[in-house]
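Notes for the one structure printed next.
FYI, it's all coordinate maths here, none of it is from the lab. What you see is a predicted model; the values in this text were computed from it and never measured. Because the Cβ atoms are built from the backbone with ideal geometry, glycine has one as well, and the counts that use them run over all protein chains shown.
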Amino acid sequence: MLRLWYEKILLLTPVNLRGDYLPSLFAQNILKPMDPEAAARLLSGAAMNAALWIAAGEVPESITPKAVEMFEILASGLLKSTA
């Protein structure tokens, strides 16, 4: 589980997010209008802090689900409303 989380964080580096991933989401009209660099950097920072929290925990396996849930809640705020 921890290795999977680490691999996902590597995909969230600002360069990766700005390079291909976020622009493709904007092109598909999935994300709200925003500065892609700011979004990439803040998502990357949230993921890195979550990884540090998990790594520093006495029982990382108990922290991981909380971190993933919260990250998904934060990141979903970037999505355009489907309603």
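Quick look at the numbers
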item: Complete set of residues in the stretch 60-81 that are out of contact with any strand residue (DSSP E or B) (no Cβ under 8 Å at 6 or more places or on another chain) and touching a residue at least 12 places away in the same chain (Cβ under 8 Å); result: Pro60, Glu61, Thr64, Ala67, Val68, Met70, Phe71, Leu74, Ala75
item: Subset of the stretch 56-83 that is of a type in the set (Gly, Ala, Ser) and assigned to a helix (DSSP H, G or I) - its residue that is nearest to Ala39 (Cα to Cα); result: Ala75
